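Derivation of every value follows stated rules applied to the coordinates shown; laboratory data play no part. On a predicted model such as this, the values are computed, not experimentally measured, just so you know. Ideal geometry is used to build each Cβ from the backbone, glycine not excepted, and the neighbour counts take in all protein chains shown.
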Amino acid sequence: MALRTYMASMDSPHPERTLDLLEPDFRFLIALPGTEVTGESREDFAAYLAGRNPVDRAHEILRHSRDGDVETVYGVVTERGRYTGSFLSAAVISPAGLMARYQSFFTTSFELVDWVRQDDGQGDGSRA
């Protein structure tokens, strides 16, 4: 699944390698609380990456699906092991297996699927 590879790359020490997973005319929308980031090229996404704060961030995918050329994932984001919010993302995958379009919504105020911490299996782990 391309989105799983994308998330793993974004969480790696070298998120700039994520650019190799994108079509040159990649279009995206990333909706964050209070703002949206959009772009119409791999170069626009490179600019987005350059502006991200370096932090120990992880996207934990809880659900995923694929229907034809569209992939979706739902999960939670943690920073330094602490819950920060949840996301629902979708991508159109090109015939070459690269991401052609990407749309992601991140919220700090709602969990669609309850999250169980992977380190100890206790509760939702949301704020511990």
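Table for the structure above
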item: Pairwise label distance in nanometres, residue 84 with residue 19, each label 7 Å out on the Cα-Cβ vector; result: 2.2 nm
item: Qualifying chymotrypsin sites (Phe, Trp or Tyr not before Pro) for the range 50-117 [loop in DSSP, other Cβ within 10 Å: at most 10]; result: 110
item: Unit charges on C-beta of K, R, D, E only; dipole of the chain, Debye; result: 180 debye
item: Tensor-based shape of the range 47-111 (alpha-carbon gyration tensor, a/c under 1.5 rounded, otherwise prolate or oblate); result: oblate
item: Folded to 0 to 90 degrees: helix 42-51 orientation relative to the chain principal axis, Cα; result: 40 degrees
item: Sparse-neighbour loop sites [trypsin sites (Lys or Arg not before Pro); the range 32-75; at most 11 other C-beta within 10 Å; DSSP]; result: 52
item: Overall Cα dimensions of the chain - principal axes, largest extent first, Å; result: 42, 32, 27
item: Cα-based helix-to-principal-axis angle, 2-11 vs the chain, degrees rounded to 10; result: 70 degrees
